[in-house]
Amino acid sequence: MSRIVHIALKVEELKKTSEFYEKVFGFVETDTSQIRDHVSRHLTDGEIDLSLIKYDSEESAEAKASG
């Protein structure tokens, strides 16, 4: 049976959002990196890869495309 293994969320507060998922759901950070016009932080609970994405500017093409 198929299941969700990767979720990406666009966030405004990278640190606060990371702390929420760590404290409430037990996620741990696996990687944080600057990619083009955003910071991408990956967390996992051992089964799900959760990507938190914080754009440098809401005016970038990628930020607009992501909603």
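The values are calculated or read from the model by the stated rules, or taken from the named source; none is laboratory data. Keep in mind that this is a model prediction, so the values were computed, not measured. Cβ atoms come from the backbone with ideal geometry, glycine included; neighbour counts cover every protein chain shown. Areas reflect the complete protein model, heavy atoms only, side chains present, ligands, DNA and RNA absent. Shrake-Rupley method; radii C 1.70, N 1.55, O 1.52, S 1.80 Å.
Before moving on, here are some points about what is shown:
- Helix content alone sets the calculated 222 nm mean residue ellipticity of the chain: runs of n ≥ 4 DSSP H residues at -39500 (n - 2.57) each, divided across all residues, give -7000 deg cm²/dmol.
- Between 0 and 90°, nearest 10: helix 14-25 axis offset from the chain longest Cα axis: 20
- Simple rule: put +1 on each Lys or Arg Cβ and -1 on each Asp or Glu Cβ in the chain, find the dipole, and look at 34, 44, 5; the Cα lying farthest toward the positive end is 5.
- Over the chain: Rg over Rh, Cα atoms, Kirkwood Rh: 1.00
- Each Lys or Arg adds one and each Asp or Glu takes one away; over the other residues whose Cβ falls under 10 Å from the Cβ of residue 13, this sums to +1.
- Put simply, the amide H of residue 10, placed in the peptide plane, has neighbours under 5 Å in 53, leaving out anything fewer than 5 places away on its chain.
- Rolling a 1.4 angstrom probe over the protein heavy atoms with all chains in place gives the chain an accessible area of 71 Å² per residue.
- Entry note, the stretch 1-49: relative contact order of 37 percent, from Cα contacts under 8 Å with a spacing of 6+ residues.
- Counting protein heavy atoms only, the chain has 54 percent of its accessible area on carbon and sulfur, 1.4 angstrom probe.
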